[in-house]
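Let me begin by presenting the structure, written as structure tokens, before commenting on it.
The values are calculated or read from the model by the stated rules, or taken from the named source; none is laboratory data. The shown structure was predicted, so the numbers you read here are calculated from the model rather than taken from an experiment. Every residue, glycine among them, receives a Cβ derived from its backbone with ideal geometry; neighbour counts consider all protein chains shown. Each accessible area value is taken on the protein alone, full model and side chains, heavy atoms only, with ligands, DNA and RNA left out. Shrake-Rupley method; radii C 1.70, N 1.55, O 1.52, S 1.80 Å.
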Amino acid sequence: MSSINIDFKQSFFQLFDLQPSFALDGATLEQRYRALQLQVHPDQAAHLAAAQQRLALQQATFVNEAYQTLRSPLRRARYLLKLNDVDTQEETNTAMPLDFLMAQMDRREAVIAAQQQRDVAALDELTRLMQLETRELEADVAAKIDGEKNYLAAAELVRKLRFMEKLAEEIHAAYDEIDN
Amino acid sequence: MALLQISEPGMSTAPHQHRLAVGIDLGTTNSLVATVRNGISTVLNDEQGRAMLPSIVRYVDAQKILVGEAAQRGQNDDPFNTISSVKRFMGRGLADLGDTSRFPYRFITDSNTQTVQLRTVAGAKSPVEVSAEILKELRTRAELSLGGELVGAVITVPAYFDDAQRQATKDAARLAGLNVLRLLNEPTAAAIAYGLDNAAEGVYAVYDLGGGTFDISILRLSRGVFEVLATNGDSALGGDDFDQRIFCWLLEQNALSALPASDTRLLLTHARTAKEQLTEHNDTRITAMLSDGRVIDSVLSQTQFHEMSNNLLQRTLQPLRRALRDAALQVADVNGVVMVGGATRMPQVQRAVGEFFAQTPLTNLDPDKVVALGAAIQANLLAGNRGADEWLLLDVIPLSLGLETMGGLAEKVIPRNSTIPTARAQEFTTYKDGQTAMSIHVVQGERELISDCRSLAKFELRGIPAMVAGAARIRVTFQVDADGLLSVAAREMRSGVEATIEVKPSYGLVDADIARMLQESGQYAKEDMQARALRELQTEANQLVDAVQNALLQDGDLLTNTQRAAITAQLENLQTCLAEHDTQILQRAMTALNDATVNFAQARMDKSVASALSGKKISDLDI
């Protein structure tokens, strides 16, 4: 029953009763997410009055947002930095290391070429490289946030991760295009 | 609408009373109604023992309406007034339908909503009205069979239905006098029925090829949780299209063109029979006499049929690949494939799906009934009848929702396959100095260009204080509810000016239309309705008072003194009106209080919606 009252002021980590760290036990997060949704989901309030249905909608939306934020390494890192008053400046700070930018440009061009040649094997290889690099960046983020508490250094890594996310989106779109 | 917290749940539930609720599969070809009786989901038959109601409505004259088999009998003789496959037209404009000559109907466009209507002997009928006739028939069947009034119904829709199609379905249900507990995606309904029945665990794909729609959903089932990972499909592809292929082949074989509507209907009926014959036979003979006396006599083999329909099958495989990619899964990760929809009986469909997933699809359930059975289980839960097992459904939106930005580009605000309910906020700013209004264009779809997406609504935010270009901060919040329906609010953050819209004006009916039609149909004429309405309203008013008081306690610090005074005044007014026993006065007072708390609710909502995009570039939006 939607008898619990969620405090919207608490952090997403508090909501799931987790420590605010980048390292996170995915299984525990998922288990607590499901337990919460079982209580607050609008399906549990469908037979109640309109005001209670609105509350269920609001609470379930909050729980979903919290879960999606913590589940994604990039969003989790961004959120942790925000909790520590560090803006990741993903759209304004373009001072990226030159070699990183060059590598990104090469990757993008490779994606476009693979799409034009309808080369799925090449896309698979690009996916593998992208995932490898993303995992390395995430390990670095963990070290900077959880270990050194160096949030400014972490912010630069988050900006790099955002590049990787965009690359992943482009690879995804290329697969879809080849399918058309 | 104000979003508020309340303190005392459970007030409106009568304890220990089984509440009658049904699940309705409103199909392109056939519709069904099911309910949970003694803990078991069962399809309700008509008096002749038939489970499936053909989704056909015939307007005999201005008054008389036939539904189902009675309507079907008139199909060949009275094609203009006998409407089948109306689901294909829900929430659609004429341009969406493509070549309309393949349908034996007289289409017109409703000038207000730009949706199609059908010209019949009883006047112009919208697809919503036609669908409502089918739903009324099922509602009557259910109430006779269950011996009481329904508290509500779960209506299923194709997972790939967009906002306009969902809204149209909900309108049809309301027009039929049904309280819609939830719109449920058809493949998800099938997964519930299958999953609970077989205690299934793991990743399942539901391949749902109905009469006029195709869906693929990938779900993860574990310990009573049904989590939709991704969905894809084609809301204009189904078994009907396989009939069309045979129909076109018949025209070609017999060198026919420009047939009268009755002949088109006749040959489509024969095409459908031939398709069904070819499920079990190697070939089939089609014989028919046209209205001018010409005789059709053709033999069609299974091989020919498979060849001519192969590209339709291929069109279902592309969404399959996309759904798997969106779920970040491989074919090998899928533990089982559930087949839904009558069209999956075709052997070439089963073969193609089996080859794709490298496993034999599960066919140990009736593909025609499984959706209604699942919807009934969901309806039972939503009506508040609790069973022994607790389970949870986490569904997604099928198509991305976004806004038009400069240069006719669509900016995605909520990406497809987001778990619902969900909300997202995005900030925009003004484009010119002194700009005091901004138009907001809401679209749905995956493409970059606005012109390739479906337009859902346009509205304006007016009264923005004059500032230099780029100084205003306009926050647009999208909220998608558990039915997958969208509402949008826009707010200038410095001044608090705002505009809100439930996304429906582009397609569907406006509320006033529905109210008028309901009155006309006279089903709300019961004497006790008034008393009941007052009671319900009083309950709701009391809850609203509690909710506002509670919200003031929790978050009153968000308000200025003036704002707080305005809310308190309306709160006291409502408390006074509660003693009046007049629904109109009470309604007005509730509306006034709700209106007074809109900003407050928005402020509370804003606090809870952490924008994932905060700090993102402020895009310009042209007026």
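Quick notes on this one:
- Filter pass, B:Ser145 being open to solvent by 30 Å² or more (accessible area, probe 1.4 Å), part of a helix (DSSP H, G or I), among the small types (Gly, Ala, Ser) and closer than 26 Å to B:Leu44 by Cβ: yes
- Number of residues in the range B:394-410 that are within 13 Å of another protein chain (Cβ to nearest Cβ) and open to solvent by 10 Å² or more (accessible area, probe 1.4 Å) equals 1.
- Some residue of the range B:87-99 being without any contact (Cβ under 8 Å) to a residue 60 or more places away in the chain, open to solvent by less than 10 Å² (accessible area, probe 1.4 Å) and closer than 23 Å to B:Val157 by Cα: yes
- Residue that is at pLDDT 95 or above and of a type in the set (A, V, I, L, M, F, W, C), where the choices are A:Ala114, A:Ala35: A:Ala114
- Scope the range A:152-165; condition within 13 Å of another protein chain (Cβ to nearest Cβ) and open to solvent by 30 Å² or more (accessible area, probe 1.4 Å); matching residues: A:Arg162, A:Glu165
- Selected residue (only one of A:Ala60, A:Ala66, A:Ala56 is at the interface with chain B (Cβ under 7 Å from one of its Cβ atoms), open to solvent by less than 30 Å² (accessible area, probe 1.4 Å) and either modelled with pLDDT under 90 or part of a helix (DSSP H, G or I) (or both)): A:Ala60
- Scanning the range B:559-590 for residues that are touching a Phe, Trp or Tyr at 6+ places or on another chain (Cβ under 9 Å) and either at pLDDT below 85 or of a type in the set (Ser, Thr, Tyr) (or both) returns no hits.
- Search result, residues across the range B:187-197 that are touching a strand residue (DSSP E or B) at 6+ places or on another chain (Cβ under 7 Å) and in contact (Cβ under 8 Å) with a residue 40 or more places away in the chain: B:Pro187, B:Thr188, B:Ala189, B:Ala190, B:Ala191, B:Ile192, B:Ala193, B:Tyr194
- Exclusive hit being in contact with a helix residue (DSSP H, G or I) (Cβ under 9 Å, 6 or more places away or on another chain) and either in the same structural domain as A:Leu24 (by TED's automatic domain parsing) or among the aliphatic types (A, V, I, L, M) (or both), set A:Leu137, A:Leu132: A:Leu137
- Set side by side, the residues B:Leu219, B:Leu178, B:Leu184 differ, and just one is more than 30 Å from B:Glu276 (Cβ to Cβ) and touching a strand residue (DSSP E or B) at 6+ places or on another chain (Cβ under 8 Å), which is B:Leu178.
A quick yes/no check of all residues on (1) out of contact with any strand residue (DSSP E or B) (no Cβ under 8 Å at 6 or more places or on another chain); (2) farther than 20 Å from B:Ile377 by Cβ; (3) in a loop (DSSP other than H, G, I, E, B):
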residue: B:Gln17; (1), (2), (3): yes, no, yes
residue: B:Thr28; (1), (2), (3): yes, yes, yes
residue: B:Thr35; (1), (2), (3): no, no, no
residue: B:Glu47; (1), (2), (3): yes, yes, yes
residue: B:Ala51; (1), (2), (3): no, no, yes
residue: B:Arg58; (1), (2), (3): no, yes, no
residue: B:Asp61; (1), (2), (3): yes, yes, yes
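- When residues of the range A:35-47 are limited to those that are open to solvent by less than 10 Å² (accessible area, probe 1.4 Å) and assigned to a loop (DSSP other than H, G, I, E, B), the one nearest to A:Asp7 (Cα to Cα): A:His41
- Contact annotation: residue pairs with Cβ atoms under 9 Å, 6 or more positions apart or on different chains, pairing a residue in the range B:284-310 that is exposed (fewer than 13 other Cβ atoms within 10 Å of the Cβ) with a partner that is assigned to a loop (DSSP other than H, G, I, E, B), are B:Ser291/B:Leu259; B:Ser291/B:Pro260; B:Asp292/B:Pro260; B:Arg294/B:Asn254; B:Arg294/B:Leu256; B:Asp297/B:Asn254; B:Thr303/B:Asn282.
- Qualifying residue in the range B:340-350 (condition: open to solvent by less than 40 Å² (accessible area, probe 1.4 Å), among the hydroxyl-bearing types (Ser, Thr, Tyr) and either within 14 Å of chain A (Cβ to nearest Cβ) or under 24 Å from B:Gln302 (Cα atoms) (or both)): yes
- Members of the range B:194-231 that are over 14 Å from B:Val338 (Cβ atoms), in a strand (DSSP E or B), open to solvent by 10 Å² or more (accessible area, probe 1.4 Å) and not aliphatic (A, V, I, L, M): B:Ser222, B:Glu227
- Lone unmet requirement of (1) more than 28 Å from A:Pro20 (Cα to Cα); (2) of a type outside the set (A, V, I, L, M, F, W, C); (3) surrounded by 13 or more Cβ atoms within 10 Å (Cβ to Cβ); (4) at pLDDT below 95 for A:Asp99: (3)
- Among the residues making up the range B:353-365, those that are more than 24 Å from B:Leu394 (Cα to Cα) and open to solvent by 20 Å² or more (accessible area, probe 1.4 Å) are B:Glu355, B:Phe356, B:Ala358, B:Gln359, B:Thr360, B:Thr363, B:Asn364.
- Residue list for the range B:254-283, filter: surrounded by 12 or more Cβ atoms within 10 Å (Cβ to Cβ) and either of a type in the set (S, T, N, Q) or part of a strand (DSSP E or B) (or both): B:Asn254, B:Ser262, B:Thr264, B:Thr269, B:Thr273, B:Gln277, B:Thr279, B:Asp283
- Considering the conditions (1) at pLDDT 95 or above; (2) open to solvent by 60 Å² or more (accessible area, probe 1.4 Å); (3) outside any helix (DSSP H, G or I); (4) of a type in the set (A, V, I, L, M), B:Ala388 is excluded by exactly one of them, (1).
- Yes/no for B:Ala328 being open to solvent by less than 30 Å² (accessible area, probe 1.4 Å) and small (Gly, Ala, Ser): no
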